[in-house]
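Asks: One structure, as structure tokens, below. Some questions next.
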Amino acid sequence: MGGNKKSSLRTYTNLMATFVIGGFWHGAGWTFLFWGFLHGMALVIHRLWSNLGFKMWTWLAWLITFNFVNVAWIFFRAREWEDAIKVLSSMFSLNNVVLPNFLESKLQFLKSFEIIFGGFVENIGGDYFTPLWFVLAFVLVLAFKNSMYYLNIKLNKKYLILSIFLFSYAFITSLVSSSNVFLYFNF
């Protein structure tokens with residue numbers, strides 16, 4: 001029994017070390033290390049949760065994972081620690097919330113929380129079809145199988161030549177285009 005606990009602790013320690021080193025590999029900065037730490041911690045929590053036999057509704061697990069990844073990647077993309085904190089503060093403050101005008105009469109009390117009523121789709125550069133596009137995208141993501149589910153490619157010369165061509169095209173296009181800088185260009 002004691003050996004099993006040591007083995008589990010070693011496994012969790014190795015997971016954390018692997019992800020922190022992975023964060024350092026992506027960039028020598030505190031934000032990258034923290035990004036790696038967050039992902040390692042999430043995997044440790046997931047393993048502990050599973051090993052203890054706990055179950056969670058699929059939709060709740062999906063929601064938690066989606067939001068965790070959105071928050072964790074802020075640290076990966078932030079130039080400085082302060083930038084990440086600034087983005088997180090903005091994400092979780094209510095003074096950035098804009099609701100449609102037709103809800104103002106029913107939700108008047110929300111104005112005391114600095115919630116604004118007005119052109120909510122204009123703030124994101126959208127139009128009145130934007131909510132419809134969000135709903136359609138949500139349905140596509142949840143109702144249909146992932147494309148990898150349908151992927152059944154037999155490896156042969158035709159696919160090898162096609163892959164080489166597409167890789168070459170993407171590589172040459174990225175060299176010619178000055179607006180698309182590869183994420184690891186200056187690493």
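The values are calculated or read from the model by the stated rules, or taken from the named source; none is laboratory data. Keep in mind the model is a prediction, meaning the values are calculated, not measured. Positions of Cβ are backbone-derived with ideal geometry, glycine not excepted, and every protein chain shown enters the neighbour counts.
Asks: Given the residues 52, 107, 43, 88, which is the only one that is of a type in the set (A, V, I, L, M, F, W, C) and closer than 28 Å to residue 128 by Cβ?
Replies: 107
Asks: Please enumerate the residues belonging to the stretch 108-117 that are loosely packed, with under 13 Cβ neighbours inside 10 Å and either among the charged types (D, E, K, R) or at pLDDT 85 or above (or both).
Replies: Within the stretch 108-117, 108, 109, 111, 112, 114 meet the criteria.
Asks: So is residue 90 hydroxyl-bearing (Ser, Thr, Tyr), in contact with a helix residue (DSSP H, G or I) (Cβ under 8 Å, 6 or more places away or on another chain), surrounded by 10 or more Cβ atoms within 10 Å (Cβ to Cβ) and at pLDDT 85 or above or not?
Replies: When the stated conditions are applied, residue 90 passes them.
Asks: Go through (1) exposed (fewer than 10 other Cβ atoms within 10 Å of the Cβ); (2) under 20 Å from the mean Cα position of the chain (by Cα) one by one and return the number of the condition residue 102 breaks.
Replies: Among (1) exposed (fewer than 10 other Cβ atoms within 10 Å of the Cβ); (2) under 20 Å from the mean Cα position of the chain (by Cα), the lone unmet condition for residue 102 is (2).
Asks: Hey, among the residues in the stretch 150-163 that are assigned to a helix (DSSP H, G or I) and over 29 Å from the mean Cα position of the chain (by Cα), which one's modelled with the lowest pLDDT?
Replies: Among residues in the stretch 150-163 that are assigned to a helix (DSSP H, G or I) and over 29 Å from the mean Cα position of the chain (by Cα), the one modelled with the lowest pLDDT is 159.
Asks: Still on this model: Does the stretch 150-157 include one or more residues that are out of contact with any Asp or Glu (no Cβ under 7 Å at 6 or more places or on another chain) and surrounded by 10 or more Cβ atoms within 10 Å (Cβ to Cβ)?
Replies: No: zero hits.
Asks: If you check residue 91 against the conditions, is it in contact (Cβ under 8 Å) with a residue 24 or more places away in the chain and of a type in the set (A, V, I, L, M)?
Replies: no
Asks: Take residue 90 and tell me if it is under 30 Å from residue 142 (Cα atoms) and small (Gly, Ala, Ser).
Replies: Taking the combined requirement at face value, the residue satisfies it.
Asks: Looking only at the stretch 118-134, filter to residues that are part of a loop (DSSP other than H, G, I, E, B) and aromatic (Phe, Trp, Tyr); which one of those is modelled with the highest pLDDT?
Replies: 129
Asks: Within the stretch 115-127, can one find any residue that is in contact with a Leu (Cβ under 7 Å, 6 or more places away or on another chain), over 25 Å from residue 14 (Cα atoms) and β-branched (Val, Ile, Thr)?
Replies: yes
Asks: Does the stretch 49-104 hold any residues that are aromatic (Phe, Trp, Tyr) and not in a loop (DSSP other than H, G, I, E, B), and which are they?
Replies: Listed by number, the residues that qualify are 49, 59, 62, 66, 68, 73, 75, 76, 81, 102.
Asks: Filter the stretch 51-83 down to residues that are surrounded by 11 or more Cβ atoms within 10 Å (Cβ to Cβ) and among the hydroxyl-bearing types (Ser, Thr, Tyr), then give me how many there are.
Replies: Number satisfying all stated conditions: 1.
Asks: Which residue pairs have Cβ atoms under 8 Å apart, sit 6 or more places apart or on different chains, and have a first residue in the stretch 130-154 that is closer than 26 Å to residue 119 by Cβ and a second that is in a loop (DSSP other than H, G, I, E, B) and of a type in the set (Val, Ile, Thr)?
Replies: Taking only residues 6 or more apart or on different chains, the pairs are 130/121; 131/121.
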